[in-house]
Amino acid sequence: MHDADSGVVVARRGLETVGHGTFHRLHPVDGSIYIDIGEGQDGSVILRGTGGADSEPEFVTYPWQDRCLIDLDWTLGQADWDEIRS
């Protein structure tokens, strides 16, 4: 993760993937970033990155290796997003 203004690396995380293509989507309500890492015939790895406690980044890997993230539905309310994340 890079600082948007300076480009300085502020966090790193090993992704345990050999993927070669990514798509990034920003959630407009909470600012979390969804990353879809394509792995060809092996599916994709989907992560969500957020600013955690003390501004330390936190990453969640979703267990959907046989799916890919096409888009996000921004019409969902915050309670719906909380349900999806749990």
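The values are calculated or read from the model by the stated rules, or taken from the named source; none is laboratory data. What you see is a predicted model, and the numbers here were worked out from it, not measured in a lab. Ideal geometry is used to build each Cβ from the backbone, glycine not excepted, and the neighbour counts take in all protein chains shown. Remember, those area values only see protein heavy atoms, side chains included, never the ligands or the DNA or RNA. Shrake-Rupley method; radii C 1.70, N 1.55, O 1.52, S 1.80 Å.
Couple of notes before you dig in:
- Counting 0.36 nm for each residue step from GLU83 to ARG25 and taking away their Cα separation leaves a gain of 19.0 nm.
- Ordering 3-9, 44-50 by mean Cβ neighbour count within 10 Å, with the highest value first, yields 44-50, 3-9.
- Accessible surface, the range 11-61, averaged per residue in Å² (probe 1.4 Å): 64
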